[in-house]
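The structure appears right after this line, and notes come after that.
Every read-out reported here was derived from the displayed coordinates using simple, explicitly stated rules and does not represent laboratory data. All of these numbers come straight from a predicted model, not from anything done at the bench. Here the Cβ is made from the backbone with ideal geometry for all residues, glycine too, and neighbour counts use every protein chain on show.
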Amino acid sequence: MKLLAGRMKNLGSENAFKVGDDIRRAEQAGMKVIRFNLGEPDFNSADFINQVAVDHIHRGNSHYCPPAGIESLRRAVAKQISETRGIEIHPDHVVVTVGAKPPIGYALMSYVNAGDEVIYPSPGFPIYESWITYLGAKAVPLHLDEKKGFSFTADELEKLITRKTKLIFINSPSNPTGGVLAEEELAKIAQVIRKKCDENVRVYSDEVYEHIIFDGLKHHSIISQRGMQDRTVLVSGHSKSFAMTGWRLGYAILPTLEEAAIFKNLNINNFSCTPPFIQEAGREAIENPSSTETVRRMVHEFQQRRDYVIDALNSIEGISCANPKGAFYAFPNIKGVCENLGAIEKYKKLPKSISPRTSPATLFQKFLLYRHGVATMDRRSFGQIGSKGKHFIRISMATDIDSLKLGIVQLEKASKDRDGFAKFVKEAKHLY
Ligand code: PLP
C-alpha cells in the first residue's frame, strides 16, 4: 500500500517560496545574496491600515466571523469594483479569501472535471498549472510572446478553444512578465469567448496587480466587456496593491449567487473565515482616501526602478528585455547569455536523471545565485509545460535601487564568466 494518493505527484508548487532554501545554502557558503526573487512589495503596509487591525484586536474582534467575509468589506469591494469596472456588483457576489490564491484552486474544483481543458498564460503564475494538473484536467498553455510585450491576441486564444475548454485564466498586469492587456484587445478576446464558448465556460480574471501599472496606463478588466460579467470570476486582493502580502487578504467576485455559495462553502471547508480584524484593515485600505497617495508613491517608485532596470539589462550582451507595463517584474530573455556560457550545450549533456528537472536558464539562475550572489527565478518557475527551449529569468524590482544596481553588475559579470560556469556545472551540486 502506498502512503500518498496518486494525484500528489501532479501537484506543482511556487518556487518563490522554495528559493529561500537555495539562498540560505548560498549564504551559509559565505555568499552575500541580493534578492531579486521577491514577489512582494518591499514597502510595509500603511500605518493607518495597521492601526485598524490593532484596534479591532484590542476590542475583542478576534472571533469567528461570516465565512464569505464581513458585510462591510464585501460592500467596500463591491463598490470599488463597480466604480472602477463600470458595472454593478452586489456585495453578495463577493467572497473574501485568505489572499488571492485560494480562488485559483476553488475555481478549478468548482468548474473543471478531469479531462476538461483549461487555458492559462505561460509564462504565468505557477499555481494555475499546479492545480490544473493536480485535478487531472488538461493543461493548455497560452504562450506569451515577448515580441508582443508578453500580451496575447484574441486570435491566439481562439486557436486554443475547443468544445472541451471549461476555464480560461487571464492575468493582467501579468506575473512574471509585466504584460498588460489593452482595452481593445480585451474587447476582441471577449468577442471570441462569446462566439466560441458555451455560456458555462468561465473566465478567471486574475487582477492582483491592478493598481501597479505604469506610464499613465489604465487598468482594464474583461468583466467590463459586454456580456462578460455573467462569465467572469474576477479575483483581486490586498497583497500587492496595498503591500499586505503577509496579511493574507483577497477576494473573488462570482457571476451568480450559486457560485458565490460554493466558494463560501469551500472557505468553510478550508479555514472557516478570514480573520475579522484583517478584513477590517482591508476595508480601511479600500475606503481611506490616503490609500490613493500611498499606492501612487509606491507605483512611482516601481516605475523609476523599471526605467533603470530595463535599460541596464538591455545594455548587457546576450540579454533582451521587453518593457513591463505593470506589476514589478522584469522578464529578460537570456538566450544569448545561455549560448555564450555554453549552457545550452551543457544542458544537453546532462544525464536523463537530471535534465527533465532543469533547463539552461535554470543552470544560469543557480550559477548566478551560488557564484555571483543574485537570487532570481527561472522560466520553469512560471509554467513547465511547453517551456523547453525558452530562456528567461524573472527579476523582481521590489528591491531598493542600490541593490538593483549592484545586482545587475553581478548579473553582467556572471553572463561573461564562462570558466566559472563550466566549473559550476562540473561540480554538479546545484543543477535544479
Ligand atoms: N495571482 C498572481 C498573478 C500572483 O502573482 C499572486 C502572488 O504572487 C497571487 C495570485 C496570489 O496572491 P496572494 O499572495 O494574495 O495570495
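Computed quantities for the displayed model
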{"quantity": "Helix 360-372 vs. the chain, principal-axis angle (Cα, 0 to 90°, nearest 10)", "calculated": "80"}
{"quantity": "Neighbour-count order for ARG25, ARG85, ARG75, ARG380, fewest beta carbons within 10 angstrom listed first", "calculated": "ARG25, ARG75, ARG380, ARG85"}
{"quantity": "Surface/4 estimate of mean projected area, convex hull on alpha-carbon atoms of the range 311-419, nm²", "calculated": "6.9"}
{"quantity": "Under 16 Å from the Cα of LYS366 - lysines, other chains or at least 8 residues apart", "calculated": "LYS18, LYS32, LYS335, LYS346, LYS413, LYS416, LYS423, LYS426, LYS429"}
{"quantity": "Cα-based shape type of the range 314-374, given that a ≥ b ≥ c are square roots of the gyration tensor eigenvalues and the cut on a/c is 1.5", "calculated": "prolate"}
{"quantity": "Range of Cα positions in the chain per principal axis (Å), largest first", "calculated": "61, 53, 50"}
{"quantity": "Least to most buried among MET8, MET1, MET377 (fewest other Cβ within 10 Å first)", "calculated": "MET1, MET8, MET377"}
{"quantity": "Highest-first arrangement of 142-149, 260-267, where packing means the average Cβ count within 10 Å", "calculated": "260-267, 142-149"}
{"quantity": "Neighbour-count ranking [beta-carbon atoms within 10 angstrom, fewest first] of GLU427, GLU183", "calculated": "GLU427, GLU183"}
{"quantity": "Inter-centroid distance (Cα atoms) of the range 303-381 relative to the range 211-277, Å", "calculated": "32"}
{"quantity": "Helix-only CD estimate at 222 nm, as mean residue ellipticity for the chain, using -39500 (n - 2.57) per DSSP H run (n ≥ 4)", "calculated": "-13000 deg cm²/dmol"}
{"quantity": "Calculated FRET efficiency for the pair SER403/HIS300, C-beta based, R₀ 25 Å, to 0.05", "calculated": "0.85"}
{"quantity": "Calculated FRET efficiency for the pair HIS58/THR162, C-beta based, R₀ 41 Å, to 0.05", "calculated": "0.15"}
{"quantity": "Per-peptide average of other Cβ atoms within 10 Å, ordering 232-242, 171-181, 48-58 highest first", "calculated": "171-181, 232-242, 48-58"}
{"quantity": "R0 of 51 Å, Cβ-Cβ distance LYS195-GLN28: FRET efficiency to nearest 0.05", "calculated": "0.35"}
{"quantity": "Reach of LYS159 by Cα under 20 Å, taken over aspartates and glutamates that are not fewer than 8 positions away in the same chain", "calculated": "ASP116, GLU117, GLU129, ASP145, GLU146, GLU184, GLU185, ASP198, GLU199"}
{"quantity": "Along each principal axis, Cα extent of the range 105-191, largest first, Å", "calculated": "33, 26, 18"}
{"quantity": "Relative pair counts by distance (%), Cα atoms of the range 63-290, 5 Å bins", "calculated": "1, 7, 15, 20, 21, 17, 11, 5, 2, 0, 0"}
